[in-house]
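Below is one structure; the comments refer to it alone.
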Amino acid sequence: MTESLQSAPGPFFGEFGGRFLPEALMAALDELTDAYDKAKVDPSFTVELDRLARDYTGRPSIVTEIPRFARHAGGARIFLKREDLNHTGSHKINNVLGQALLTKRLGKTRVIAETGAGQHGVATATAAALMDLDCVIYMGEEDTERQALNVARMRLLGAEVVAVKTGSRTLRDAINEAFRDWVANVDSSNYIFGTAAGPHPFPAMVRDFQRVIGVEAREQMLALGGLPDAVLACVGGGSNAIGSFDAFLDDADVRLIGCEAAGDGIDTDRHAATLTKGSVGVLHGSRSYILQDEDGQTIASHSISAGLDYPGIGPQHSWLKDIGRAEYWPVSDTEAMDAFRLLCRTEGIMPAIESSHALAGAIKLGRELGPEATLLVTLSGRGDKDVEQAARWFAMMPGEDA
Amino acid sequence: MTALGDRLDQIKAEGRSALIGYLPVGFPSVEGSARAMQEMVAAGVDIVEVGLPYSDPVMDGEIIQLAAESALARGTRVSDVFTAVRAVVEAGAVAVVMSYWNPILQYGPARFADDLLAAGGSGVILPDITPDAGSGWAEVAATRDIDTIHLVALTTTTERMHLTCQASSGFVYAAALMGVTGERSSIGGGVEELVGRARDAGAPRVCVGLGVKTGEHAAQVARYADGVIVGSALVRCLADHPDDLEAGIAALRATTRELAAGVRGHV
């Protein structure tokens, strides 16, 4: 019997992962790992997390078939896993509630987090309000400009939002700044990391907290008639994708497809297609594929989607790519925005621009496989935060001709 | 033993502590930084920590971040670090390279070590590599006469203190505060105890950095450490005079002299 690929514990996934960070953070990372290892087998933790998932987040999230959209995708049957319907509007809350509960167990009173699109920041600010924790969110200055509404949401929830002005002024600089804060305030503060990347224990822990997506969806698909031919999800750092994939890893007939941001195109220098165009290196505490130059300097990524605009990727994805268990497809800004509009107009569902990358992947795969195929797409978030950006893209702002 | 250990022992025999000065290569230019390092040596720095600019320096505060960003924007390459190392050695000081891991990883750790030794360098300080990270550096260093300097922090547990001090050579870098590089108004509490813990765990020598700014700070740390490491306060001298290298170097000389007097107990 082949060994299960599910719930791989880390710190290494094949040659990827690990913990490449200053000694000053090692005690905190060990403490967090230890607290998590105990919590995950402690009913007082798991029961409380399940209760919050049910009574606060609104789990289980539903699965919606989208037949009118599917007509444009080769007639394949397509189902959406509706993480967009979670409280706060994305999958991020699944992870944040787990890490915020851990923070309480550690006896810490302050949380810090990085955010790109603002979804993780909003979720963290929400959990901090719920659990009476002080909250500081680091966000690249460029992202605060393209996601101004989410900045206001975090502030309304009582969080302090710090605009990071160094480097590329995007997600990766926000992560650098959050690590700097953590080193200085490690006694009082816990770092709630937003994606399944970074140093151990984050890749495995965040995956575990997001695993509920795939566990629910797998049962829901079986109840609807059988496993899908493929599961598709967008990947930035990769948390909703790994959460969607994990429960399907041992179903050899289910293709797993991560859709990464190709920006202006993978043959330009403006993209965030880490697995398609990157190479192996160390960034933000783990060994994985990254976008870098020959000197190992990180290259600035680009995507219309702030949430996918990251030059790294979670180490488990790098491993799944190398062992051939998952595929990673590049999806351009234009393809993603076309899929965004198509879902709005055919199904009355406005997806996040991040999730629209997975929808674009489904259109392509559906056309390839035809009407016999069944596809499951994780709709990781809703598009409310993206209205202004989408309206500009399609020239639909007042005064512009649509 | 490398030149680094020799020099530190010799300085200790003089009854004082060493002054270790950090500057990043490529700021304000490769030639400018090499010259600034030589001037720093002439003004009293014993050991130069040659910084390799990196795009994502999580251990660094604003001054060093901005200097690194500027150096990279001007096209500074990994190989430029060897130019600076040669200049430091020519000026009569010991050179060690401070670098985050990824640039060394992409250059090739063995090739990096060989090129550093060929340039006359003595060792490396690896801020984001701990001995148990699984980086493979220890295997590279084991077959070469090169020092590996690891960091210990106020939060380092006893078990990790032993691991780190046993894995280090040349000296152990004791971080004087929990935080990033940058000038502070005072030296944090608990540093002397940290140095003692490192010595008890077998550290060959212990040098203290992070937050050291003035001659008075240097004198205070010199009472219990083998070396005093200063970075941001020196980088600032150059950063304060962005378009005037001569003025920057004049400021650098003055600050270095104050620190050099500090490690000799003359405040």
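The values are calculated or read from the model by the stated rules, or taken from the named source; none is laboratory data. Just so you know, these numbers come straight off a predicted model, no measurement behind them. All Cβ positions, even for glycine, are placed from backbone atoms using ideal geometry, and neighbour counts span all protein chains on display.
Just for helices (runs of 4 or more DSSP H) wholly inside segment A:298-394: which have at least 3 residues that are closer than 16 Å to residue A:91 by Cα and at pLDDT 95 or above? Explain how you work it out, then say what you get.
Working: elements: A:315-322, A:333-347, A:353-369, A:387-393.
Result: A:353-369.
Residues checked against (1) within 27 Å of residue A:251 (Cα to Cα); (2) of a type outside the set (D, E, K, R):
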site	(1), (2)
A:43	no, yes
A:46	yes, yes
A:56	no, yes
A:81	yes, no
A:118	no, yes
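In segment A:138-151, what count of residues is obtained for those that are under 20 Å from residue A:126 (Cβ atoms) and in contact with a strand residue (DSSP E or B) (Cβ under 9 Å, 6 or more places away or on another chain)? Write out each step before concluding.
Of all residues in segment A:138-151, those under 20 Å from residue A:126 (Cβ atoms) come to A:138-139, A:143-144, A:147-151.
Narrowing further to those that are in contact with a strand residue (DSSP E or B) (Cβ under 9 Å, 6 or more places away or on another chain): A:138-139, A:143-144, A:147, A:150-151.
Of the residues in that region, 7 qualify.
Tell me which residues, restricted to segment B:1-48, are among the acidic types (Asp, Glu) and in contact with a helix residue (DSSP H, G or I) (Cβ under 7 Å, 6 or more places away or on another chain). If you could, list the steps in order and put the result at the bottom.
Narrowing segment B:1-48 to residues among the acidic types (Asp, Glu): B:6, B:9, B:14, B:31, B:39, B:46.
Passing the criteria: B:39, B:46.
Please specify each residue of segment A:137-159 satisfying the condition of being farther than 17 Å from residue A:96 by Cα and outside any helix (DSSP H, G or I). Working first, answer last.
Of all residues in segment A:137-159, those farther than 17 Å from residue A:96 by Cα come to A:140-149, A:151-152, A:155-156.
Answer for segment A:137-159, where residues must be farther than 17 Å from residue A:96 by Cα and outside any helix (DSSP H, G or I): A:140, A:147.
Looking at A:256, A:275, A:283, which is the one that is within 14 Å of another protein chain (Cβ to nearest Cβ), crowded, with 21+ Cβ neighbours inside 10 Å and touching a strand residue (DSSP E or B) at 6+ places or on another chain (Cβ under 7 Å)? Break it down into steps so the answer makes sense when it comes.
On the way: A:256 fails: within 14 Å of another protein chain (Cβ to nearest Cβ); A:275 fails: within 14 Å of another protein chain (Cβ to nearest Cβ).
One residue alone meets the criteria, A:283.
For segment B:65-103, give me each residue that is within 13 Å of chain A (Cβ to nearest Cβ), of a type in the set (A, V, I, L, M) and touching a strand residue (DSSP E or B) at 6+ places or on another chain (Cβ under 7 Å).
Matches in segment B:65-103: B:67, B:68, B:71, B:81, B:98.
Looking only at segment B:104-111, decide whether some residue is outside any helix (DSSP H, G or I) and in contact (Cβ under 8 Å) with a residue 12 or more places away in the chain. Step through it out loud before you land on a result.
We begin by selecting, within segment B:104-111, every residue outside any helix (DSSP H, G or I); these are B:108.
Filter again for in contact (Cβ under 8 Å) with a residue 12 or more places away in the chain, leaving none.
No, the conditions are met nowhere in segment B:104-111.
Within segment B:151-175, how many residues turn out to be polar (S, T, N, Q), more than 9 Å from every other protein chain (Cβ to nearest Cβ) and surrounded by 20 or more Cβ atoms within 10 Å (Cβ to Cβ)? Reasoning before the result, please.
First, the residues of segment B:151-175 that are polar (S, T, N, Q): B:155-158, B:164, B:166, B:168-169.
Now restrict to residues that are more than 9 Å from every other protein chain (Cβ to nearest Cβ): B:158, B:166, B:168-169.
From the residues that got through so far, the ones that are surrounded by 20 or more Cβ atoms within 10 Å (Cβ to Cβ) too are B:168-169.
The total comes to 2.
Among the helices (runs of 4 or more DSSP H) confined wholly to segment A:1-103, which include 3 or more residues that are under 20 Å from residue A:189 (Cα atoms)? Walk me through how you get there before you give the answer.
Numbers: elements: A:26-39, A:43-52, A:67-70.
Correct list: A:26-39.
Counting only residues that are more than 7 Å from every other protein chain (Cβ to nearest Cβ) and farther than 13 Å from residue A:196 by Cα, how many does segment A:13-27 have?
Initially, segment A:13-27 is screened for residues more than 7 Å from every other protein chain (Cβ to nearest Cβ), giving A:13-17, A:25.
The next check asks that each one be farther than 13 Å from residue A:196 by Cα; those that pass are A:14-15, A:25.
Number satisfying all stated conditions: 3.
Residues in segment A:347-366: is at least one farther than 23 Å from residue A:248 by Cβ and under 15 Å from the mean Cα position of the chain (by Cα)?
Taking every residue of segment A:347-366 in turn, at least one turns out to be farther than 23 Å from residue A:248 by Cβ and under 15 Å from the mean Cα position of the chain (by Cα).
Pairs under 8 Å by beta carbon, first residue surrounded by 24 or more Cβ atoms within 10 Å (Cβ to Cβ) in segment A:354-373, partner of a type in the set (Phe, Trp, Tyr), six or more apart or different chains?
A:356/A:340; A:359/A:69; A:359/A:340; A:361/A:329
Quick one: which of A:59, A:68 is surrounded by fewer than 18 Cβ atoms within 10 Å (Cβ to Cβ), basic (Lys, Arg) and over 30 Å from residue B:157 (Cβ atoms)? Working first, answer last.
Working: A:59 fails: surrounded by fewer than 18 Cβ atoms within 10 Å (Cβ to Cβ).
None of the others qualify; the one that does is A:68.
Identify all residues within segment B:99-127 that are among the polar types (S, T, N, Q) and either under 19 Å from residue B:85 (Cβ atoms) or surrounded by fewer than 17 Cβ atoms within 10 Å (Cβ to Cβ) (or both); write none if there are none. Don't jump to the end; show me each part of the working.
Narrowing segment B:99-127 to residues among the polar types (S, T, N, Q): B:99, B:102, B:106, B:122.
B:99, B:106, B:122, listed by residue number.
Restricting to segment A:28-41, what's the tally of residues that are under 25 Å from residue A:213 (Cβ atoms) and either within 12 Å of chain B (Cβ to nearest Cβ) or surrounded by fewer than 23 Cβ atoms within 10 Å (Cβ to Cβ) (or both)?
Summing the residues that are under 25 Å from residue A:213 (Cβ atoms) and either within 12 Å of chain B (Cβ to nearest Cβ) or surrounded by fewer than 23 Cβ atoms within 10 Å (Cβ to Cβ) (or both) in segment A:28-41 gives 8.
Please go through segment A:162-201 and pick out each residue that is within 13 Å of the chain's Cα centre (by Cα) and within 17 Å of residue A:100 (Cα to Cα).
Of everything in segment A:162-201, those that are within 13 Å of the chain's Cα centre (by Cα) and within 17 Å of residue A:100 (Cα to Cα) turn out to be A:193, A:194, A:195, A:196.
Can you find, within segment B:59-82, the residue that is nearest to residue B:235 (Cα to Cα) among those that are surrounded by fewer than 24 Cβ atoms within 10 Å (Cβ to Cβ) and in contact (Cβ under 8 Å) with a residue 60 or more places away in the chain?
Checking each candidate, the answer is B:63.
If I ask for residues that are in contact (Cβ under 8 Å) with a residue 40 or more places away in the chain and either surrounded by fewer than 22 Cβ atoms within 10 Å (Cβ to Cβ) or among the aliphatic types (A, V, I, L, M) (or both), which ones from segment B:224-239 would you list? Spell out the reasoning first.
Just the residues of segment B:224-239 that are in contact (Cβ under 8 Å) with a residue 40 or more places away in the chain, to begin with: B:225-236, B:238-239.
The answer is B:225, B:228, B:229, B:230, B:233, B:234, B:235, B:236, B:238, B:239.
Just one of the numbered conditions (1) more than 8 Å from chain A (Cβ to nearest Cβ); (2) of a type outside the set (A, V, I, L, M); (3) surrounded by 22 or more Cβ atoms within 10 Å (Cβ to Cβ); (4) under 23 Å from residue A:21 (Cα atoms) is not true of residue B:130; which one?
Condition not satisfied by residue B:130: (1).
Okay, residues lined up against (1) of a type in the set (Lys, Arg); (2) in contact with a Leu (Cβ under 8 Å, 6 or more places away or on another chain); (3) crowded, with 24+ Cβ neighbours inside 10 Å:
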{"residue": "A:72", "(1), (2), (3)": "no, yes, no"}
{"residue": "A:81", "(1), (2), (3)": "yes, yes, yes"}
{"residue": "A:87", "(1), (2), (3)": "no, no, no"}
{"residue": "A:98", "(1), (2), (3)": "no, yes, yes"}
{"residue": "A:101", "(1), (2), (3)": "no, yes, no"}
{"residue": "A:109", "(1), (2), (3)": "no, yes, no"}
{"residue": "A:112", "(1), (2), (3)": "no, no, yes"}
{"residue": "A:120", "(1), (2), (3)": "no, no, yes"}
{"residue": "A:124", "(1), (2), (3)": "no, no, yes"}
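Where in segment B:156-267 are the helices (runs of 4 or more DSSP H), entirely inside, with at least 2 residues that are closer than 21 Å to residue B:100 by Cα? Outline the logic, then answer.
Values: elements: B:158-167, B:191-200, B:215-222, B:232-239, B:245-263.
Result: B:158-167, B:232-239.
Does residue A:156 meet the test of being surrounded by fewer than 24 Cβ atoms within 10 Å (Cβ to Cβ), of a type outside the set (Asp, Glu), more than 14 Å from chain B (Cβ to nearest Cβ) and in contact (Cβ under 8 Å) with a residue 40 or more places away in the chain? Even if it seems obvious, please write down each step before you answer.
On the way: surrounded by fewer than 24 Cβ atoms within 10 Å (Cβ to Cβ): yes; of a type outside the set (Asp, Glu): yes; more than 14 Å from chain B (Cβ to nearest Cβ): yes; in contact (Cβ under 8 Å) with a residue 40 or more places away in the chain: no.
When the stated conditions are applied, residue A:156 does not pass them.
Going through segment A:185-204 one residue at a time, which ones are surrounded by 24 or more Cβ atoms within 10 Å (Cβ to Cβ) and among the aliphatic types (A, V, I, L, M)?
A:192, A:196, A:197
Within segment B:41-58, which residues are small (Gly, Ala, Ser), buried (at least 23 other Cβ atoms within 10 Å of the Cβ) and in contact (Cβ under 8 Å) with a residue 24 or more places away in the chain? Walk me through it before giving the result.
First pass over segment B:41-58, keeping only residues small (Gly, Ala, Ser): B:42-44, B:51, B:55.
After this cut, where a residue has to be buried (at least 23 other Cβ atoms within 10 Å of the Cβ) as well, the list is B:51, B:55.
B:51, the sole residue that qualifies.
Do we find that residue A:184 is within 28 Å of residue A:390 (Cα to Cα), without any contact (Cβ under 8 Å) to a residue 24 or more places away in the chain and of a type in the set (Gly, Ala, Ser) in this structure? Outline the logic, then answer.
On the way: within 28 Å of residue A:390 (Cα to Cα): no; without any contact (Cβ under 8 Å) to a residue 24 or more places away in the chain: yes; of a type in the set (Gly, Ala, Ser): yes.
The answer is no for residue A:184.
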